[in-house]
Each structure stands twice: as C-alpha cells, then as structure tokens.
1. Check G257 against each of (1) closer than 23 Å to Y192 by Cα; (2) more than 9 Å from the ligand (Cβ to nearest atom) and name the one condition it does not meet.
2. Just wondering, is there one or more residues in the stretch 11-24 that are touching a strand residue (DSSP E or B) at 6+ places or on another chain (Cβ under 6 Å), hydroxyl-bearing (S, T, Y) and either touching a residue at least 60 places away in the same chain (Cβ under 8 Å) or surrounded by fewer than 20 Cβ atoms within 10 Å (Cβ to Cβ) (or both)?
3. Given the condition more than 15 Å from the ligand (Cβ to nearest atom), out of contact with any Asp or Glu (no Cβ under 8 Å at 6 or more places or on another chain), open to solvent by less than 10 Å² (accessible area, probe 1.4 Å) and assigned to a loop (DSSP other than H, G, I, E, B), answer yes or no: does some residue in the stretch 217-227 qualify?
4. Check L165 against each of (1) modelled with pLDDT of 95 or more; (2) in contact with a Lys or Arg (Cβ under 7 Å, 6 or more places away or on another chain) and name the one condition it does not meet.
5. Give all pairs with beta carbons closer than 8 Å in which a residue from the stretch 292-303 that is of a type in the set (F, W, Y) meets a residue that is part of a loop (DSSP other than H, G, I, E, B) and open to solvent by 10 Å² or more (accessible area, probe 1.4 Å); count only pairs at least 6 apart in sequence or on separate chains.
6. Taking the stretch 253-309 on its own, how many of its residues are touching a Phe, Trp or Tyr at 6+ places or on another chain (Cβ under 6 Å) and hydrophobic (A, V, I, L, M, F, W, C)?
7. Quick one: in the stretch 135-151, which of the residues that are within 12 Å of the ligand (Cβ to nearest atom) and in contact with a Leu (Cβ under 9 Å, 6 or more places away or on another chain) is farthest from A189 (Cα to Cα)?
Amino acid sequence: VFDEVCDTTGVTLTRFMNEVAMLNPEIRELTTLFGAIDTACKAMSNLVKRSQLPSSQTLGYQGEVNVQGEDQKKLDVITNDLLKRALRFTGRLGVLASEEEDVPVDLIGSATSDAREIVIEEGEKYVAVFDPLDGSSNVDAGIPTGTIIGIYEHDDSCEVDPECLADDCTEQEAQCLANTLQPGTNLVAAAYCLYSSSTFLALTLGNGVYIFTLDETLGEFVLSKPQVKIPEDCKIYSMNEANLEKWDAPLQKVVKGWREGTGKSGERFSSRYIGSMVGDVHRTLLYGGVFGYPGDTKNPNGKLRLLYEGAPMSFIMEQAGGLSTTGKERVMEITPEYVHQRVPVLMGSKNAIQEVIDAYAAE
Ligand code: P6P
C-alpha cells in the first residue's frame with residue numbers, strides 16, 4: 001500500500017500521513033499523532049540549536065534530579081513538557097510514559113505524583129512512550145541528540161481491577177492499567193528525531209522505514225529515504241569499548257574478531273561511537289554496522305531502557321531488515337516488568353548480529 005503512494009521523495013510528512021490515512025482508514029488516528037510528533041520535533045530541533053546561544057534560557061541544569069537519578073537539564077524538562085503537550089492535545093492518547101517521568105502520565109493532569117492518579121479515559125486508542133531528548137548531556141558539546149517515540153494500542157490485557165486506582169494501586173498495577181508494560185512486538189509505530197547536521201525524522205508504521213529531512217526553507221519534513229534497508233554486511237561496530245573486559249565472553253570474542261579481521265566476514269571493522277544513541281543508530285541504519293550497549297558485570301542489563309529506547313529502535317531496525325538482540329533473546333519479545341527497566345541491546349546488520357547470536361548459543 002505504501003509503495004504506490006509514498007515512495008516519491010520530496011513528499012512532505014503531512015501529505016505522506018494523509019495519503020496513508022486515506023488508504024488505511026483504520027489507522028487515521030495514528031496519522032494524527034504523527035502531526036503532533038512532526039510539530040514537536042521541529043520545535044525541539046529549534047530549542048536544541050538555540051540552546052547554545054548566550055541569550056538562551058535553556059542552558060544548564062534544572063536543579064532537579066529525575067527518576068533515573070540523573071541531574072535534569074533544563075532542556076530535558078522543556079522538551080518533555082513540549083512533547084507531552086503536543087501529544088496530549090491530539091486527544092488520541094490515553095496515557096504516556098517518559099524517561100523524565102517517574103510514572104505514566106495521565107493526559108488529564110500533569111505528571112502524576114502518585115500512580116493512583118492515572119486516569120485512563122475511555123476511547124483513547126493509543127499509548128505513547130518516549131525519551132524526549134536522549135543523549136541530552138551531549139548538547140553543550142554540539143554532539144547530535146535525539147527524541148525516541150514508541151506508540152502502542154491500548155490493549156485490555158491487564159487484569160488488574162481499575163478500582164485500585166482510587167486508593168491502593170501498586171506501581172506495577174498502575175503500569176499494567178496504563179498499558180505501558182507491553183512488549184515491542186505490540187508496537188504499532190516507532191519514530192526518532194535526530195538533531196544533527198540536519199534534522200531527520202525516521203518512522204515505521206510496521207510497513208518499512210521512511211526517513212524525512214527537515215527542509216528549513218519550507219518548515220516541513222520531506223521524504224528523503226523511502227523503504228530504508230540496512231546493509232546486511234558491514235564493517236563498523238559502535239559500542240563503549242571501555243567496558244569490553246566486563247562484557248560476556250561470547251561478545252568479547254566476536255568484537256575482538258571484528259577488530260582483528262578474524263571474524264565470520266574476515267573483514268577488519270572500524271569503531272564509530274558518538275555516545276548518543278539516536279545518532280549511532282541512524283548511522284548504523286544507513287551505513288550498516290552494529291550498535292550496542294551490552295550488559296556487563298557491573299550492569300547486567302546495560303544502560304538503555306527497554307520501553308522507550310530499546311524496543312522502538314529495535315522495531316525500526318527490524319523493519320529495515322536488521323536484527324536486535326540481547327545476545328540471548330530478541331529485544332522486541334521482552335515484556336517490561338516496570339517502566340524504566342533496562343535491557344542489553346545489540347542491533348544492526350543481519351549477518352553481524354547473527355554472528356553475535358551464534359556466539360552466545362555456542363557458549
Ligand atoms: P555511555 C546517552 O546518555 C545514552 O543514554 C545513549 O544515548 C547512549 O547510547 C549511551 O547513553 C551512552 O552511554 O556509557 O557510553 O556514555
């Protein structure tokens with residue numbers, strides 16, 4: 001369906017979504033959400049760019065610590081509120097969860113200070129999970145940063161009695177009722193915005209990956225790469241090698257093989273790592289390679305969050321013909337037990353990731 005109408009580069013994201021909605025009426029509400037994401041990404045791109053001006057009020061720290069225990073930069077808070085507002089006013093979302101929020105945020109109020117305040121309005125069809133500004137600590141150095149978004153449908157699989165919302169929901173019960181504990185295989189859409197040499201918006205609705213580039217003269221995202229496919233072979237790996245000695249033995253073996261040219265491909269790989277997931281994943285998607293944040297002896301589940309980093313990026317990677325694994329299982333098949341759960345991630349070119357999977361299977 002998409003190919004006939006949406007492979008023409010230059011088409012704007014607005015027109016792309018309108019044509020997809022015309023051909024697929026059942027996902028019309030989903031395309032409305034992307035109108036909000038389109039606007040929010042343009043606004044966040046502008047905020048990131050202007051944050052380095054002396055006159056900017058968005059520099060520095062908010063003076064708060066978020067649920068991750070990280071010093072919240074002003075930009076983290078501003079972009080989180082911006083994206084929350086943009087999504088909220090579509091009226092299409094029942095709940096959303098963000099890296100910067102400690103529990104899923106109802107759309108009626110602001111961030112719920114207590115899980116019991118989650119209000120799930122009947123009729124809202126979607127749940128959004130997002131990291132509003134991943135890699136924000138890089139902004140002050142002018143290194144690319146990005147926004148990661150996953151969209152789930154409300155599923156009524158949660159057996160918790162909603163009555164508990166009135167008085168004594170545990171956080172897990174609230175997360176269950178908020179439908180934010182779904183595996184990546186339930187994602188209906190995923191997207192990232194990359195604030196770099198250009199501003200890019202990559203998305204999948206489950207039928208391939210489309211990359212749009214912001215044309216600032218038009219003020220519109222225009223389709224620049226339809227039906228993106230990641231090269232099956234590659235010669236790039238992208239991980240924080242300072243942790244190598246703490247990785248699992250099978251992974252150490254494979255990475256050393258890539259370094260020395262003694263791996264399956266016989267090729268000697270180069271290392272490229274900017275320490276900003278969206279930038280590293282975007283390069284991996286286009287040039288081929290393996291991006292990873294593996295688990296190690298200090299952090300067995302690595303650093304990246306399953307719900308709003310690992311799963312949405314894995315969906316995009318798989319839709320582009322790549323693979324995404326923890327080494328032992330497919331990232332998209334893991335059901336989160338809590339909203340900020342971390343997950344080891346190794347994603348990218350099919351043949352290189354298969355080499356990792358085989359090494360773990362052989363241990
Ligand atoms: P390290 C940024 O802080 C981030 O969450 C991801 O964007 C990035 O891939 C990773 O952490 C970098 O972590 O430990 O290598 O600095």
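1. Of (1) closer than 23 Å to Y192 by Cα; (2) more than 9 Å from the ligand (Cβ to nearest atom), only one is false for G257: (1).
2. yes
3. no
4. (1)
5. Within 8 Å, the pairs are Y293/N240; Y293/K303; Y293/L304; Y293/P344.
6. Within the stretch 253-309, residues that are touching a Phe, Trp or Tyr at 6+ places or on another chain (Cβ under 6 Å) and hydrophobic (A, V, I, L, M, F, W, C) number 6.
7. Going through the qualifying residues, I end up with V139.
The values are calculated or read from the model by the stated rules, or taken from the named source; none is laboratory data. Not measured: the values here are computed from a predicted model. Counting neighbours? That spans all protein chains shown, and the Cβs are built from the backbone with ideal geometry, glycine included. These area figures cover heavy atoms from the full protein model, side chains too; ligands, DNA and RNA do not enter into them. Shrake-Rupley method; radii C 1.70, N 1.55, O 1.52, S 1.80 Å.
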